[in-house]
Ligand code: GLN
């Protein structure tokens with residue numbers, strides 16, 4: 001009888017095969033190797049270290065099938081994070097799946113701004129709207145030890161992930177989750193800090209998004225025809241939910257700074273500041289009630 005191992009490759013050969021398919025997609029070879037490593041580790045159920053030290057071993061049939069499937073999904077531009085099921089954000093590990101937006105580095109800027117403020121407030125009450133995976137809410141609960149956090153999302157499926165993330169990071173006792181449409185999900189309550197990374201892609205931008213970004217939920221990306229729909233809701237509603245010294249922090253699209261500033265001015269917010277990201281793009285707007 002033929003040795004079963006003839007049908008399955010060694011870890012090394014599996015990596016080489018994966019890289020040969022990932023490299024032509026425009027990845028540099030380092031990225032292709034990294035991605036193939038991560039997908040092989042996931043399929044073979046091995047940590048990075050374990051994987052590196054057992055690359056001469058042969059895969060089992062099930063791991064090989066699963067790895068082939070991951071590579072083919074990646075070739076079809078499924079985001080890597082959905083395949084490996086996680087993303088690091090603020091040095092914490094977040095579970096992600098196609099029900100939630102993949103947390104972005106830019107959003108860490110928003111969290112850092114909120115932390116600077118929150119650390120000076122005694123027992124800060126925080127509201128995170130459009131919480132998605134819970135990236136912002138969980139990070140704030142984690143790094144603001146005596147905070148109380150409320151997190152809202154219209155998607156029950158996203159909230160399931162956010163709850164898992166709160167639990168995995170040990171802050172589930174500090175966060176209350178609400179399913180609903182922005183402020184309508186809550187009874188009036190005063191918050192020291194409101195954060196929101198709303199969907200802010202306009203209709204024209206949406207059609208031009210790269211294929212992999214379009215695999216993220218439309219609900220988490222599309223911000224109405226001009227992309228500003230949620231800033232209008234925040235402008236109209238947030239002051240009723242802020243304490244006198246309360247602060248609203250929003251992530252914005254890089255071309256939206258002036259328009260979001262105008263919306264906030266029209267709604268009576270003060271001290272409006274636009275913070276740039278490391279590419280020099282307008283990225284965060286903060287303002288006071
Ligand atoms: N709050 C989540 C994040 O920042 C999700 C945002 C969204 O879905 N628009 O990643």
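A short reminder: the numbers here are calculations on the coordinates, not readings from a lab. Because the structure is a prediction, the values reported are computed rather than measured. Quick reminder, even Gly has a Cβ in these numbers, built from the backbone with ideal geometry, and neighbours come from all protein chains shown.
Can you give the FRET efficiency for residue 93 and residue 16, using 1/(1 + (r/R0)^6), R0 = 30 Å, r = Cβ-Cβ distance, to the nearest 0.05?
Working: r = 29 Å, r/R0 = 0.96.
FRET efficiency, residue 93 to residue 16: 0.55.
Counting pairs of alpha carbon atoms under 8 Å apart in space and at least six apart in sequence, what relative contact order in percent does the range 137-289 give? Don't skip to the answer; put the middle values down first.
Details: 249 pairs, mean separation 29.0, N = 153.
Dividing the mean separation by the residue count of the range 137-289 yields 19 percent.
Rounded, prolate or oblate for the range 134-289? Axes are the square roots of the Cα gyration tensor eigenvalues, ordered a ≥ b ≥ c, and the cut-off for rounded is a/c under 1.5.
Values: a/c = 1.61, a/b = 1.12, b/c = 1.43.
Judged from the Cα gyration tensor, the range 134-289 comes out oblate (a/c at least 1.5, b/c at or above a/b).
Quick check on the exposure proxy: order 240, 153 from fewest to most C-beta atoms within 10 angstrom. Please list the in-between numbers first.
Numbers: 240 11, 153 29.
Ascending number of Cβ neighbours within 10 Å: 240, 153.
Order by neighbour count: 78, 266, fewest other Cβ atoms within 10 Å first, most last. Provide the component values of the computation, followed by the final result.
On the way: 78 16, 266 11.
Listed from fewest to most nearby Cβ atoms, that is 266, 78.
Where does helix 257-266 land angle-wise versus the long Cα axis of the chain, in degrees 0 to 90, nearest 10?
30 degrees
Between residue 209 and residue 122, with labels modelled 7 Å along Cα→Cβ, what's the label distance in nm to one decimal, could you check?
Modelled inter-label distance: 4.4 nm.
As a test, work out the antiparallel percent of DSSP beta bridges whose residues both lie in the chain, rounded to the nearest 5.
45 percent
Report the calculated FRET efficiency for residue 77 and residue 218 (r = Cβ-Cβ distance, R0 = 22 Å), to the nearest 0.05. Before the final figure, lay out each step's value.
On the way: r = 16 Å, r/R0 = 0.73.
Efficiency, from the Cβ-Cβ distance: 0.85.
For the residues 42, 255, what sequence is obtained by ranking on other C-beta atoms within 10 Å, fewest first?
Values: 42 19, 255 13.
Fewest to most other Cβ atoms nearby, the residues stand as 255, 42.
Please tell me the relative contact order of the range 73-137 in percent, rounded to the nearest whole number, where contacts are Cα pairs under 8 Å and at least six residues apart. Display every interim value, and only then the final one.
Working: 49 pairs, mean separation 17.7, N = 65.
About 27 percent, as a whole number.
So what's the back-of-envelope 222 nm ellipticity for the chain, counting only DSSP H runs of four-plus at -39500 (n - 2.57) apiece and dividing by all residues, rounded to 500? Mind showing how you got there, number by number?
Values: 13 runs with 122 residues, N = 289.
That comes out to -12000 deg cm²/dmol.
Working from the pairwise distances between different alpha carbons, so that the mean of 1/r is found and then inverted, what is the range 47-202's Kirkwood radius in Å?
Details: mean 1/r = 0.0587 Å⁻¹.
Computed over the range 47-202, the radius equals 17.0 Å.
Between residue 47 and residue 7, what is the label-to-label distance in nm when each label sits 7 Å out along the Cα-to-Cβ direction?
3.2 nm
Of the DSSP beta bridges with both residues in the range 126-218, give the percent that are antiparallel, rounding to the nearest 5.
Details: 0 of 13 bridges.
So the antiparallel bridges in the range 126-218 amount to around 0 percent.
Hey, in the GNM for the chain with a 10 angstrom Cα cutoff, which one of 220, 156, 141 fluctuates hardest?
156
Connecting C-alpha atoms closer than 10 Å in a GNM of the chain, tell me which of 38, 83, 55 has the biggest fluctuation.
Per the Cα network of the chain with a 10 Å cutoff, 55 tops the list.
On a 0 to 90 degree scale, rounded to 10, what angle separates helix 156-168 from the longest Cα axis of the chain?
With rounding to tens, the tilt is 80 degrees.
Kindly state, to the nearest 0.05, the FRET efficiency for residue 179 paired with residue 254, given R0 = 22 Å and r defined as their beta-carbon distance.
Between residue 179 and residue 254 the formula returns 0.15.
For the chain, report the convex hull volume of the alpha-carbon atoms normalised per residue, in Å³, without decimals. Walk me through the numbers before you get to the answer.
On the way: hull volume 40.5 nm³, N = 289.
Cα convex hull per residue, to the nearest whole number: 140 Å³.
Which percentage, to the nearest 5, of the DSSP beta bridges contained in the range 64-198 is antiparallel?
On the way: 4 of 18 bridges.
Of those bridges, close to 20 percent are antiparallel.
Angle, helix 61-75 long axis vs. longest principal axis of the chain, Cα atoms, 0 to 90°, nearest 10?
Between helix and principal axis, roughly 50 degrees.
I need to check one value: relative contact order of the chain, counting alpha carbon pairs closer than 8 Å and at least 6 residues apart, in percent.
Values: 517 pairs, mean separation 38.2, N = 289.
This gives 13 percent for the chain.
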